[in-house]
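Bear in mind that the values in this text are calculations on the coordinates, not laboratory data. What you are looking at is a predicted structure, and each value in this text was computed from that prediction instead of being measured. Ideal geometry is used to build each Cβ from the backbone, glycine not excepted, and the neighbour counts take in all protein chains shown.
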Amino acid sequence: MEEKTPISSSNIILYGPPGTGKTYNTVNYAVSIIEGRTLEDVRKSGYDVALKKYNKYTALGRIGFVTFHQSLGYEDFIEGIKPVVEEDGASSGSIKYLPSAGLFYDFCRKAESPRSISGIGPKGCESISRYPMIWIVNLGGFRENDLRKSCLDGGYIRIGWPEYGPLIDDTTDFDLHGGKEPLKDFTEKMQLGDIILSSFDVDLIDAVGVVKGDCEWDDSFDDGFNRKRAVEWIRIFDEPVDIHSLKATRKEQMSAVAHLKNITVNEIMSFVETPDPKGIRDTGNCVFIIDEINRGNISRIFGELITLLEPTRRKGLPECLDVFLPHMKENFSIPSNVFVLGTMNTADKSLASLDTALRRRFEFIEMMPDPSVVNRRFGDVDLSLLLRTINKRIELLYDREHTVGHAYFIGIRSMGDLAECFKKKIIPLLQEYFFDDYEKMCWVLGKSSNPRECVFIRKAKRTDFQNVFDLPDVYEILDDDVIFMDPESYIGIYNSRKI
């Protein structure tokens, strides 16, 4: 059933038998999440279009991919200590052990300032640092004024307090003229790559920029605003934009300089982005794909972060939780714009069932074989009906989780392809499913008129040894190209006519 609304669940697992397109469909899901479109809409555009976008978003860091396995651990996924060989200096060749960011940790940090889906985004976006602070500056007061115009035209920001002179340090007596917090912020805390908002009025901004230079004193200005920093303006709005939704306080907007702590880069970029002419909007969402999620040791990989996966515990939400990472020496929480998309092969019974804690935190979407995908004929063989018949028999003899996915038949373009598929894929898969119980395999691939009679498998001639000791029959798979190339061998599986 197609989704009629954009995907809203933060944690999703696509599950089903092998060959049902779980990993294949992560492309459509990822594009749908990032662009805020329905799955139906994405699929209508075509898989090739979605795949190109998927590759682009992966290059931009908006999509991450990992396959779980038994050797993967917390050190690889979240944080750990890894050896590093010194290459320079007197200690060259020696080994140091340093904190190392894991795949998911690194992805979440980058997701806090996602790159625009349009490429590098508006001019200047590429200059934003990895973990930028967001500042709001009041350029000479509210509304239009000469200082504001010179800053926007000249590519910088300026503040006053000329009484202190060029140097601000620990010996400065701020009791004389005030301004301690904005001056400290402007000269020390503000860093290259931080984001600047120009406060036009209460709840309004008129420009967004990126810090490009250190603090410097410029004697050429005679208005008292000699302390400046170079800024690359990403966007200067034709009309001031209301940022009431960003929750900047009146005090912050009236201050000469203030650090905005409750605003994310993603929220800022929603104002900066120019609407796509095709109507595609950038939601700011990022997608982390975990293929074969049930093959990993969940408690070993996620550790305490399993709690943070809950949608209500994400960063910026009222019930947000964070944990202290001892190696990285910082608090960590999962951003609300990070979606986790997993795949799970239900036929993989070599592993324990999925961790209960993980199961509770994910929505599960079943993906079963779809015979309509292979609705075509070769040599009068109806592939769709053939797949449907085989799967009905497997459901009766085993269960629906071990059916054959339509992906096994998608690449078939001739009778030769069908023969190769049966010899090298279908029959080996059934051998694994039924633990070499060839009698059941015969029932799956047997004639519709007599399921015990299978043209691909036959009983070997009994030996005297078998008869004396009453041993079971031995089966063998025929290596006969004539049989595998004969359309009637396959038609007989779903058609009761005699062959």
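General remarks:
- Taking the Cα centre of the chain as reference, the dipole from Cβ charges on Lys and Arg (+1) and Asp and Glu (-1) amounts to some 1820 debye.
- Phi angles across region 139-156 convert, under the Karplus curve 6.51 cos²θ - 1.76 cosθ + 1.60 with θ = phi - 60°, into 3J(HN,Hα) values of 8, x, x, 6, 6, 5, 7, 5, 4, 4, 4, 5, 5, 5, 6, x, x, 7 Hz, Gly and Pro given as x.
- Formal net charge of residues neighbouring residue 479 (Cβ-Cβ distance under 14 Å; K, R +1; D, E -1): -1
- Listed residues 42, 83, 19: farthest to the positive end of the dipole of region 5-92 (Cβ charges): 42
- Percent antiparallel among DSSP beta bridges (both partners in the chain, rounded to 5): 60 percent
- Principal-axis tilt of helix 47-59 within the chain, Cα atoms, nearest 10 degrees: 50 degrees
- Among 413, 359, the ranking by other beta carbons within 10 Å of each residue's beta carbon, starting with the fewest, stands as 413, 359.
- Square roots of five times the Cα gyration tensor eigenvalues for region 371-494, Å: 27, 16, 12
- Across the cross-link table entries 110/212; 180/212; 184/315; 52/149, which are compared at the Cα atoms, the separations over 31 Å belong to 52/149.
- For residue 74, net neighbour charge (Lys/Arg +1, Asp/Glu -1) across residues whose Cβ lies under 11 Å away: -3
- Gain on full stretching of the segment that runs from residue 52 to residue 449 - 0.36 nm per residue minus C-alpha separation: 138.2 nm
- Taking 12 Å as the cut-off, the amide N atoms of region 311-325 that come nearer than this to a point 7 Å along the Cα-to-beta-carbon line of residue 262 belong to 316-318.
- The dipole here belongs to region 371-494: it is taken about the Cα centre, uses +1 on the Cβ of Lys and Arg and -1 on the Cβ of Asp and Glu, and is about 420 debye.
- Rounded to 10°, Cα long-axis angle of helix 22-35 versus longest principal axis of the chain: 30 degrees
- Crossing angle, helix 383-397 versus the chain [Cα axis fit, 0-90 degrees, rounded to tens]: 80 degrees
- Assigned charges on the beta-carbon of Lys, Arg, Asp, Glu; region 125-272 dipole about Cα centre (debye): 460 debye
- Annotation for region 299-342: chymotrypsin sites (Phe, Trp or Tyr not before Pro) lying in DSSP loop with at most 16 further Cβ atoms inside 10 Å of their Cβ do not exist.
- Among 20-26, 457-463, 217-223, 414-420, sorting by the average number of other beta carbon atoms lying within 10 angstrom of each residue, highest first, gives 20-26, 414-420, 457-463, 217-223.
- Note that region 1-76 shows a convex hull volume over its alpha carbon atoms of 124 Å³ per residue.
- Correct option for Cα extents along the principal axes in Å [calculated from the coordinates] among (i) 96, 65, 40; (ii) 66, 59, 53; (iii) 111, 54, 42: (iii)
- Net charge, residue 213 excluded, C-beta distance under 9 Å - Lys, Arg +1, Asp, Glu -1: +1
- With the simple spin-label model, which puts each label point 7 Å out from Cα in the Cβ direction, the residue 370 to residue 143 separation comes to 6.0 nm.
- Given charges at Cβ of Lys, Arg, Asp, Glu: the chain dipole, positive-most of 299, 422, 217: 422
- Each stretch of four or more DSSP H residues adds -39500 (n - 2.57); spread over every residue of the chain, this sum gives -7500 deg cm²/dmol at 222 nm.
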